[in-house]
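The values are calculated or read from the model by the stated rules, or taken from the named source; none is laboratory data. Source: prediction; values computed, not measured. No Cβ is skipped: glycine too gets one built from the backbone with ideal geometry, and neighbour counts run over all protein chains shown.
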């Protein structure tokens, strides 16, 4: 199943993916600052960083393909 936004507007989806990553980094920093040891949360955050990086690559490729299609139709 593919999100309609991903197909119709990969640039916005790409932006959405990139703004999430700093929020997760802040979560990790705050846990470290207050010396909370929540290994499950940290493991989940690491997975999120991985999925965000993957999502960024996918949406970047889709954005480039979309631009190429637009140029070809002009």
Checklist entry - Which residue pairs have Cβ atoms under 9 Å apart, sit 6 or more places apart or on different chains, and have a first residue in region 58-73 that is exposed (fewer than 12 other Cβ atoms within 10 Å of the Cβ) and a second that is modelled with pLDDT of 80 or more? => result none
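Each row is one residue, and each column tells you yes or no for (1) in a helix (DSSP H, G or I); (2) modelled with pLDDT of 85 or more.
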residue: 1; (1), (2): no, no
residue: 11; (1), (2): yes, no
residue: 14; (1), (2): yes, no
residue: 24; (1), (2): yes, yes
residue: 32; (1), (2): yes, yes
residue: 48; (1), (2): yes, yes
residue: 67; (1), (2): yes, no
